[in-house]
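S.K.: Here's a structure for you.
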Amino acid sequence: MADIEKAREQFARFDGDGDGLVTADEFKRAMAEMGDPFVTGPIAESVINAKDSDGDGRMSFDEFWAALQG
């Protein structure tokens with residue numbers, strides 16, 4: 001997914017409240033809506049923490065984009 005506009009669209013699916021940051025709860029909800037009800041709270045937290053380079057407990061678009069690049 002090298003296209004930044006497609007990445008922004010995908011990120012928006014996870015950013016439930018539109019604040020530009022994805023929390024573990026938002027990630028879990030989005031995954032369930034996309035057909036993966038097996039993403040639990042701890043799994044969602046692990047995914048967000050793995051992408052969260054500034055340690056604020058949330059994933060920004062820049063962090064999401066960086067994860068896609070590497």
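S.K.: Please work out the average accessible area per residue across the chain, using the 1.4 Å probe convention, and give it in Å².
M.R.: For the chain, the solvent-accessible area averages 62 Å² per residue.
S.K.: Determine the calculated [θ] at 222 nm for the chain from helices alone, applying -39500 (n - 2.57) to every DSSP H run no shorter than 4 residues and normalising by the residue count; nearest 500 deg cm²/dmol.
M.R.: That comes out to -17500 deg cm²/dmol.
S.K.: Leaving out ligands, DNA and RNA, and with a 1.4 Å probe, what % of the accessible surface on the chain is carbon or sulfur?
M.R.: 51
S.K.: Can you give me the solvent accessible area of E33 with a 1.4 Å probe, rounded to the nearest 10 Å²?
M.R.: 130
S.K.: Lys and Arg at +1, Asp and Glu at -1: add these up for the other residues within a Cβ distance under 12 Å of D52 and post the number.
M.R.: -3
S.K.: I would also like to ask the following. I'd like to know which of F38, S60, F11 lies farthest towards the positive end of the charge dipole of the chain, counting +1 on Cβ of Lys and Arg and -1 on Cβ of Asp and Glu.
M.R.: The residue sitting most towards the positive pole is F38.
S.K.: Here is a further query. I'd like the projected area of the chain, averaged over all directions, using the convex hull of its alpha carbons. Report it in nm² with one decimal.
M.R.: Seen from a random direction, the Cα hull of the chain projects 4.4 nm² on average.
The values are calculated or read from the model by the stated rules, or taken from the named source; none is laboratory data. In this text, all values refer to a predicted model and were calculated from it rather than measured experimentally. All Cβ positions, glycine included, derive from the backbone under ideal geometry; neighbour counts span all protein chains shown. To get the accessible areas, we keep the full protein, side chains included, count just its heavy atoms, and leave off ligands, DNA and RNA. Shrake-Rupley method; radii C 1.70, N 1.55, O 1.52, S 1.80 Å.
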